[in-house]
Structure formats: C-alpha cells, structure tokens
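Down below is the structure, laid out as structure tokens.
The values are calculated or read from the model by the stated rules, or taken from the named source; none is laboratory data. Note that the structure is a prediction, hence the values are computed from the model and not measured. Backbone-built Cβ (ideal geometry, glycine too); neighbour counts: all protein chains shown. Ligands, DNA and RNA are excluded from the accessible area calculation, which covers all protein heavy atoms including side chains. Shrake-Rupley method; radii C 1.70, N 1.55, O 1.52, S 1.80 Å.
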Amino acid sequence: MNYARFLTAVSAARKPSPIRMLTELQQRSPPSLISLAGGAPNPNTFPFQSASIKLKNGQTLTFDDAAMKRALQYSASNGIPELLTWMKNLQKDLHDPPTASYAPENGQMDMCVTTGSQEGLCKVFEMLVNPGDNVLLDAPTYSGTLAALQPLGCNLINVPSDQHGMIPAALKEVLSRWDPSEVHKPSSTAPKILYTIPNGGNPTGASMTAQRKQEVYELARQYDMLIIEDDPYFFLQFDKPWAPTFLSMDVDRRIIRTDSFSKILSSGLRIGFVTGPKPLVDRVVLHIQASTMHTSTFTQLMVSQLLHSWGQEGFLQHIEGHSCIDFYRKQRDAMITSADKWLKDVAEWHTPSAGMFLWIKLKGIADTQQLIMKKALEKEVLLVPGGVFMINSSDPCPYVRAAFSLSTPEQIDEAFRRLSSLIKEAL
C-alpha cells in the first residue's frame, strides 16, 4: 500500500531524531559500552530512591534502587520493550490480525505506547489530516476527537448512525458522490480517513455489529481509505462473545487502532497504544519524538510489572470480574432501571451493550443546552448537553449524555427523579 498519499506535508517532512536514536541504541547495548553521547541527566542526582506499590489483591510492585533509576530516566519513544512485547502478544491473541504475519516493510502489525489514547489520536490526525481534507465520522462523537480535528481545517462529514453504530448503507450513500476509480488522482477530494468508536461509543453507547464492520471495511477497500478504530471501551463490552474488531479483518493494512488502559487500570497513569501498519506506526513515533519524547517511564514500568505478574489470564480475569465489566454492567442496569422508573414518559433511549454512557433523547425539548447548563444546575443535577458531541455544536440538540461510572445506584435514581421533574416543568 502507498502510505505516502495519506501523509500530511508536516508528517512527510519529519525525520528521526539523531539523539533519540542514540538513546535507544545505547539502551540495547551491553553494559560494557562507554557512552559519552547521550544528554541524559545522572540519576544519582534524583531525590527518589525506591518505591513499593501495594495492589488490592495483596501483591506488591517494588522498585529497588536500580529499577528506580531506570524508571526516572528517559526511555525509547515507542515504549519500553517489555511492555510492548506483552501488548503485542495480547493484540495477537485477542484479535488475530492478518497483518501480524506480514513482513515489516509490507505493513506488518506494529505498536507504540502513547500518553493515553488521546495523544495517539492527536498524533494520528497530525499525520493524516490536511487542511481542506474531507474526513468521515459518525456524529455524535467524542468531543475530544472534534477538538483535535476541527482546528486542522478539515471538512468533517457526518455518516448517519443508530444504536448499532455507523450505518453502512448511509456510508455508501455519502461516498457515492465520488468515483472509486478516481480516488488516486491528485485532484480527488474523496475522503482518505474514516474515524469511528466501534464499542460503547462516547456519547451514544452504540456498538457496531460484526456484519456492519465487514461492510464498512469493504467500502474502505473500494475507496482506499484508512479506518481509525478508536476503541477505549473494547474491554467494557458487557456481553460475550465480543464483536470482532476492524483490526481482526485487516487484510489490506488500512486499520489504525487506538487502545487505552484508562478505563480498566487507571485514567491518571496515561497509558494508551497505537496499533497499525509498521510504516504508519513508525511515523507516529516521529511525532512523539518531536513532542512528548515518550510516555512516562515510571508508569510504563509500573503497568508492565503488573501485567507480567498477572499474565494474560490474570489480566482478563481483572477485566471480566467485579473490577471492570461486572461492575459497569451492574451500574448500567441500575441506570436503565431508574430511567424506566422516572423518564419513560418524557424521554427515550437504547440500552448500551458496552461503555459508560446512556444517550437520552428528551421528548418535546428542541435543545438541551439551556435546560442543562442553567435549570438543571438549579435542581442540583448535571448531565452533558448533546450539542457538544455534534460537528456543529450550535445546532439545536434534544439529547443529553448520562454517565453511570461514578455515581451510586441511589444517586442515579435521585438524579433521574430530578431530571424528570425538570423536563416536566420545561414542557
């Protein structure tokens, strides 16, 4: 695949940092190497000596003097090797991507660590989106994506969606204004990028079916588009079997996938991953070299220690047990119970099968902005007005987003009682 046609001028102009390359070379060298090359500070001058972190299962992660020196020092821009190796094995076991067996120069699956998946997304957009480009996405969508894309000067084109995510027939209709045989012409304005959140979408809670993903992937092949599969809620799918991912279908090397540990290990540690064809992942790493340089070595080592102590089986037990899926499923059920109790006459919704959110359409309310930002605050209940998730946030929007992640079932019930009262007053 010719990835050059997808790159922005800025991304194409990026060159590897000689200093970063030397740092990574040094870290792969034997202890007998004497290096006068790196500009790394001497860790003996740092005030931190050791650390121990107690886990809820009674285990302890320990950083002795040597481990602490490494944790506090610069590290490779693509991530520490032992974390990357663990994650690559996980991706292969979970998704069985066809690209795992490809040659590196032929788009073999590769990964890099990012400071949360948000950094990964921003770097991918910087790499691929030029001013004036047409970019496809299914709004309403994550406000952080809109915040990253809109200043790039691209044209965001909405693909209609429903509770099962992006609608392939609608995508086909949107694409019908371009001729697939002409997309490689320099004058073509055909979209080169399609962005979607396939599981537990933020804000809608929508999850794409395997059939829809296959149809969307086929259209991406027809029009030679890259798909950005932003999947931070992959590990919060409430029903088995989990739907196959775009990555698992990627025979053409056209999927760039972002994953996050924010929802399942810690949102504050800021650990995410970009998975995709090696030529594109390498270019994301060039963007990292010129900005954050690398994700915190300390948090990477901390997470890597945890994952190696658990093993893949222990990791998946954590995901599926009370800590994650079981907890959020119960929270979802509590919110649906309260919605049925208080809101069924004044609102409508679809029960999400993944994620943390319920997307609620208020009946008879054209726009929820004033209702939520002013009157709801007076009633001491807060939700997110739906407009912030739309391409044009000033358009009237009858939706609100309710999160079931933090509040207790009792608080959720009281919040919906207050919301019901508010809507009835407004009507």
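Of the beta bridges in the chain, as assigned by DSSP with both residues counted there, near 65 percent are antiparallel.
Carbon and sulfur together cover what percent of the accessible area of region 301-373 at a 1.4 Å probe radius? Can you show the working numbers first?
On the way: 1710 of 3360 Å².
Accessible surface attributable to carbon and sulfur in region 301-373 totals 51 percent.
Taking N as the residue count of region 132-280, its C-alpha radius of gyration divided by 2.2 N^0.38 Å amounts to 1.03. Of the accessible area of region 147-288, computed with a 1.4 Å probe over protein heavy atoms only, carbon and sulfur atoms account for 50 percent.
Our compactness index for region 86-192, the C-alpha radius of gyration over the empirical 2.2 N^0.38 Å, is 1.27. Multiplying each eigenvalue of the alpha-carbon gyration tensor of region 364-411 by 5 and taking the square root yields semi-axes of 21, 13, 8 Å, largest first, rounded to whole angstroms. Computed over the alpha carbons of region 324-427, Rg followed by Dmax gives 13.1, 38 Å. With the cut-off at 27 Å, tell me which of the pairs K123/K213; K56/K379; K88/K123 have Cα atoms farther apart than that. Exceeds cut-off: K56/K379. The Cα trace of region 113-165 gives Rg and Dmax of 11.8, 32 Å, the first to one decimal, the second as a whole number.
With every protein chain left in place, what is the accessible area per residue of the chain in square angstrom, probe 1.4 Å? Could the numbers behind the result be given before it?
Details: 19220 Å² over 427 residues.
Using a 1.4 Å probe on heavy atoms only, each residue of the chain averages 45 Å².
For region 167-214, what does the alpha-carbon gyration tensor say about shape, rounded, prolate or oblate, given a ≥ b ≥ c as the root eigenvalues, a/c under 1.5 as rounded, and a/b over b/c as prolate? The shape class here is prolate.
Other residues within the sphere of radius under 10 Å centred on the Cβ of R5, judged by their own Cβ, net out at 0 (K and R +1, D and E -1). Calculated from the structure at hand, volume of the Cα convex hull per residue in Å³ is found among (i) 162; (ii) 242; (iii) 148 as (i). Size check on region 255-365: the Cα extents along the three principal axes, sorted descending, read 54, 34, 24 Å. For region 196-335, dividing the convex hull volume of the Cα atoms by the residue count gives 138 Å³ per residue.
Which angle from 0 to 90°, rounded to the nearest 10, does the C-alpha axis of helix 297-320 make with the longest principal axis of the chain? That helix lies at roughly 50 degrees to the long axis.
What do you get when you divide the Cα radius of gyration of region 1-97 by 2.2 N^0.38 Å, with N the number of residues? Intermediate results must be reported in sequence, preceding the final value.
On the way: Rg = 18.5 Å, N = 97, 2.2 N^0.38 = 12.5 Å.
Output field value: 1.48.
Pairs of Lys residues in region 242-376, spaced 8 or more positions apart or belonging to different chains, with C-alpha separations under 18 angstrom: 8 in total. Heavy-atom accessible surface of K379, to the nearest 10 Å², is about 60 Å², with a 1.4 Å probe and all protein chains retained.
What per residue convex hull volume, in Å³, do the alpha-carbon atoms of region 129-191 yield? If you can, show how the numbers build up before the last one.
Working: hull volume 5.1 nm³, N = 63.
Each residue corresponds to 80 Å³ of Cα convex hull volume.
To the nearest 10, the accessible area of K88 is 60 Å² with a 1.4 Å probe.
Placing unit charges on the Cβ atoms of the charged side chains and taking the dipole of region 135-205 about its Cα centre, the candidate lying farthest along the positive direction among P186, C154, A170 is P186.
Highest average first, the peptides 198-207, 298-307 ordered by how many other beta carbon atoms sit within 10 Å of their residues are 198-207, 298-307. The convex hull built on the alpha-carbon positions of region 82-122 has an orientation-averaged projected area of 3.5 nm².
Calculated [222 nm] ellipticity per residue, helices only, for the chain: -11000 deg cm²/dmol; basis is -39500 (n - 2.57) per DSSP H run with n ≥ 4, divided by all residues, nearest 500.
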